[in-house]
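K.L.:
Attaching a single structure in structure tokens format; questions to follow.
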Amino acid sequence: MICKYQELTRLEMEQVDRENTIVLIPLGALEQHGNQAPLGTDTLIAGAMCDYIEKELKDEDINLVLFPVIPVGLSTEHKDFCGSITFKPMTYYHMLYDICESLAHHGFKKLAFLVCHGGNTPIANLISREVRSDFKVYPFVLNSGAFDHPDVKATISKGNTFDFHGGEMETSMVMAIDESLVKLETSEKGILKNTAMKAHLSWLASDWVTEEGKPIGIGGNPSGATKEKGEIILTISAKEIVKDLILIRDFKE
């Protein structure tokens, strides 16, 4: 049984085997992704990942409830770029904590955060331990993009040596969802202006600039993005997440 949380009636929810059902909570963001990709890139990807995951699970015996995508996250690193919206860390923490507390109150035992923006990961990891301790439930943390998978890396254009936030891969994923949302003709390459990442300093989007030194906030060259590449990335990422969901389904303490 796979269903969307918001589409169930109260009576239908009462019939869900909540103790043995995974609630997948997609964590999106609303932040700049360069000139070419929409502010809602991470939230769009989060929604699409749920669709791809559902497709990959069609032959599996699994109980999964897809929670609505949370469209705003922790985007401190992008807040100086126009349009980026962020919670403060403790606001985000308390919001996610309260959601988990409500789900635990209703008897759900297995929760899985699907992180679709890297900036959300620290809070998701912190929440998972606190919620497990406080409510005796099992909150898992999954990453949505299989960006280190060799078949995903193979989609990156030759010469695009460092594909990062708002780069070719993420732009391709949005094109696979809705090609009209991407304005490739306005894209610019982003390069690091300093050694922040190598020096283990928390990076800000302003560390990424164009070759002329203008802040651009993305890494790499998105101009090689295509819908076909995005479909490959979304499909492989969904397959990898499904492996984790099967492990969660079978988890017993």
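Each reported figure results from applying straightforward, stated rules to the coordinates on display, with no laboratory input. All values reported here derive from a predicted model rather than from experimental measurement. Neighbour counts are summed over all protein chains in view; Cβ atoms, including those assigned to glycine, are modelled from backbone coordinates with ideal geometry.
K.L.:
When we measure straight from the Cα of residue 55, which aspartates and glutamates land under 14 angstrom away, once same-chain ones fewer than 8 places off are left out?
P.N.:
Those aspartates and glutamates meeting the cut-off are 231, 240.
K.L.:
Rank the residues 82, 50 as a footprinting-exposure proxy: fewest other Cβ atoms within 10 Å of their Cβ go first.
P.N.:
Lowest count first: 82, 50.
K.L.:
May I pose another question? Can you compute 3J(HN,Hα) from phi for each residue in segment 142-154, using the Karplus curve 6.51 cos²θ - 1.76 cosθ + 1.60 with θ = phi - 60°, rounded to whole Hz and x for Gly and Pro?
P.N.:
Working through the residues one at a time gives 10, 9, 7, x, 8, 5, 9, 5, x, 6, 6, 4, 5 Hz.
K.L.:
Out of residues 5 or more away from residue 2 or on other chains, whose amide H comes under 5 Å of its own, with H placed 1.01 Å from N in the peptide plane?
P.N.:
Correct list: 64.
K.L.:
Under 10 Å, Cα contacts only: if you run a Gaussian network model on the chain, which one of 196, 146, 205 comes out with the highest mean-square fluctuation?
P.N.:
196
K.L.:
Taking the alpha carbon gyration tensor of segment 206-250, what are the square roots of 5 times its eigenvalues, largest first, to the nearest whole Å?
P.N.:
So the equivalent ellipsoid measures 34, 15, 5 Å along its semi-axes.
K.L.:
Here are a few candidate values for Rg and Dmax of the Cα atoms in Å: (1) 24.8, 82; (2) 18.6, 60; (3) 27.0, 83. Which one was actually calculated from the structure I just gave you?
P.N.:
Among (1) 24.8, 82; (2) 18.6, 60; (3) 27.0, 83, the one calculated here is (2).
K.L.:
Which order results if 128, 223 are arranged by neighbouring Cβ count within 10 Å, fewest first?
P.N.:
223, 128
K.L.:
Would you please name the trypsin sites (Lys or Arg not before Pro) within segment 131-219 that are DSSP coil residues with at most 10 other C-beta atoms within 10 Å of their C-beta?
P.N.:
Qualifying residues, ordered by number: 136, 158, 198.
K.L.:
Starting at the first residue of segment 32-39, write each ³J(HN,Hα) from the Karplus equation 6.51 cos²θ - 1.76 cosθ + 1.60 with θ = phi - 60°, in whole Hz, x for Gly and Pro.
P.N.:
Taking θ as phi minus 60°, the curve returns 5, 10, x, 6, 9, 10, x, 4 Hz for segment 32-39.
K.L.:
Another question, if that's okay. What is the mean projected area of the alpha carbon convex hull for segment 1-148, to one decimal in square nanometres?
P.N.:
9.5 nm²
K.L.:
Still on this model: How large is the charge dipole for segment 2-247, taken about the Cα centre, if only the Cβ atoms of Lys, Arg (+1) and Asp, Glu (-1) carry charge, to the nearest 20 debye?
P.N.:
Using only the charged Cβ atoms, the result is roughly 500 debye.
K.L.:
How large is the charge dipole for segment 42-186, taken about the Cα centre, if only the Cβ atoms of Lys, Arg (+1) and Asp, Glu (-1) carry charge, to the nearest 20 debye?
P.N.:
500 debye
K.L.:
Taking the Cα atoms of segment 111-180 alone, what are Rg (to one decimal) and Dmax (as a whole number) in Å?
P.N.:
In Å, with Rg to one decimal and Dmax whole: 15.8, 49.
K.L.:
In deg cm²/dmol, rounded to 500, what helix-only [θ] at 222 nm does the chain give when every DSSP H run of at least 4 residues adds -39500 (n - 2.57) and the total is split over its residues?
P.N.:
-11500 deg cm²/dmol
K.L.:
Moving on. Go through segment 197-232 and name the GluC sites (Glu not before Pro) that are in a DSSP coil and have 10 or fewer other Cβ atoms within 10 Å of their Cβ.
P.N.:
The qualifying sites are 211, 212.
K.L.:
Okay, next question. Amide H neighbours of residue 111 under 5 Å, at least 5 residues apart or on other chains, H built in the peptide plane: list them.
P.N.:
23, 138, 140
K.L.:
Take 138, 92 and order them by how many other Cβ atoms sit within 10 Å, fewest up front.
P.N.:
138, 92
K.L.:
Another question about this same structure. Count neighbours as other Cβ atoms within 10 Å of each site's Cβ, and list the trypsin sites (Lys or Arg not before Pro) in segment 207-253 that are DSSP loop with at most 16 such neighbours.
P.N.:
Passing sites in segment 207-253 are 252.
K.L.:
Between residue 14 and residue 105, what length comes free when the chain is fully extended (0.36 nm per residue of separation minus the Cα-Cα distance, one decimal in nm)?
P.N.:
31.5 nm
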